[in-house]
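For reference, the structure is listed below as structure tokens.
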Amino acid sequence: MPRARGVVAATTGLLGLSSTKRAAILALVVCALALTVAVPLRNYVAQRQELAAVSEQQQALGVEVAELTQQRARLSDPAEIEAQARSRLGYVMPGEVPYVVQLPVAPEPAAPTGADAGVPWYHVLWREVTEGPR
């Protein structure tokens with residue numbers, strides 16, 4: 001009988017539990033710890049990504065502020081305002097004679113008539129290449 005008691009004692013082990021029960025409890029504890037750590041870790045990573053995005057946006061806005069400050073300083077000069085008014089709005093000073101140069105407009109090609117009406121352009125081109133001009 002002492003032998004049977006030794007077999008039972010060997011399979012029950014620590015705290016009177018079998019090795020499979022101990023493994024299941026260990027797995028349950030590891031899963032609980034993993035879930036306990038996962039949520040704060042996910043929040044930390046999300047906040048770091050958001051911080052990086054906000055920092056990048058702040059740098060872009062800083063560059064834009066610098067450009068706008070430079071433009072404001074440039075537009076505070078009366079000579080620059082006069083040059084902008086002349087080029088963009090066409091203003092002239094009293095006593096000056098304004099001239100407007102208009103470039104000639106190229107006439108649009110005439111629409112094909114007769115036999116070529118309704119024929120795609122590439123057919124007409126191919127016919128002119130293979131047959132020569134009419």
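The values are calculated or read from the model by the stated rules, or taken from the named source; none is laboratory data. Source: prediction; values computed, not measured. Note that each Cβ is placed from the backbone with ideal geometry, even for glycine, and that neighbours are counted across all protein chains shown.
Worth pointing out:
- Q47 being surrounded by 10 or more Cβ atoms within 10 Å (Cβ to Cβ) and modelled with pLDDT of 95 or more: yes
- Complete set of residues in region 59-94 that are assigned to a helix (DSSP H, G or I) and polar (S, T, N, Q): Q59, T69, Q70, Q71, Q84, S87
- Any hit, region 87-103, residues being among the basic types (K, R) and surrounded by 10 or more Cβ atoms within 10 Å (Cβ to Cβ): no
- The condition (being at pLDDT 90 or above, out of contact with any helix residue (DSSP H, G or I) (no Cβ under 9 Å at 6 or more places or on another chain) and among the hydroxyl-bearing types (S, T, Y)) is satisfied by just one residue among S87, S76: S76.
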